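Some notes on the structure that comes next.
The values are calculated or read from the model by the stated rules, or taken from the named source; none is laboratory data. Remember, it's a predicted structure, so these values are computed and weren't measured experimentally. A quick note on method: Cβ atoms are made from the backbone with ideal geometry, for glycine too, and the neighbour counts reach across all protein chains shown.
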Amino acid sequence: MAHSENLTPEQAHKATVKRIWTVTAILAGITIIEFALAFLMNPGMARNMIFVIMTFIKAFYIVAEFMHLRHEVKALIWSIVLPCAFVVWLVIALLTEGSFIFMK
């Protein structure tokens with residue numbers, strides 16, 4: 001996309017609206033996939049992990065787009081993404097270990 005200083009206000013507005021609709025379509029697509037998996041997959045650990053992973057993907061995308069993290073320096077991005085990756089690992093580990101509570 002061209003720099004905003006090279007665009008007229010009308011062109012900049014159209015580009016912004018187009019970007020908002022693109023982001024909305026991507027997030028809706030991921031949500032539709034999640035919704036379909038909820039009905040197509042049997043309940044269990046695999047389905048739970050897919051939901052957790054897809055939820056974090058949507059969260060990262062929302063943060064990148066609406067909080068403008070995508071345009072920050074790499075060190076700041078990694079200082080946010082790396083701890084979140086550990087949180088994903090923690091949630092998956094807790095879901096895995098939590099399923100053993102009712103086993104003898």
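Numerical summary
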read-out	value
Search result, residues across the stretch 1-51 that are under 16 Å from the mean Cα position of the chain (by Cα) and in contact (Cβ under 8 Å) with a residue 24 or more places away in the chain	Val23, Ile26, Leu27, Ile30, Thr31, Asn48, Met49
Qualifying helices (runs of 4 or more DSSP H) (wholly inside the chain; at least 3 residues being modelled with pLDDT under 85)	45-66, 74-98
Criterion violated by Leu82 - all others in (1) over 25 Å from Ala28 (Cα atoms); (2) more than 15 Å from the chain's Cα centre (by Cα); (3) among the hydrophobic types (A, V, I, L, M, F, W, C) satisfied	(2)
Leading residue by the ranking (surrounded by the fewest Cβ atoms within 10 Å (Cβ to Cβ)) among those in the stretch 8-42 that are within 26 Å of Gly98 (Cα to Cα) and aromatic (Phe, Trp, Tyr)	Phe39
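For every residue, the table says whether it meets (1) surrounded by 10 or more Cβ atoms within 10 Å (Cβ to Cβ); (2) within 22 Å of Ala93 (Cα to Cα).
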{"residue": "Gly44", "(1), (2)": "no, yes"}
{"residue": "Ile50", "(1), (2)": "yes, yes"}
{"residue": "Met54", "(1), (2)": "yes, yes"}
{"residue": "Ala59", "(1), (2)": "yes, yes"}
{"residue": "Glu72", "(1), (2)": "yes, no"}
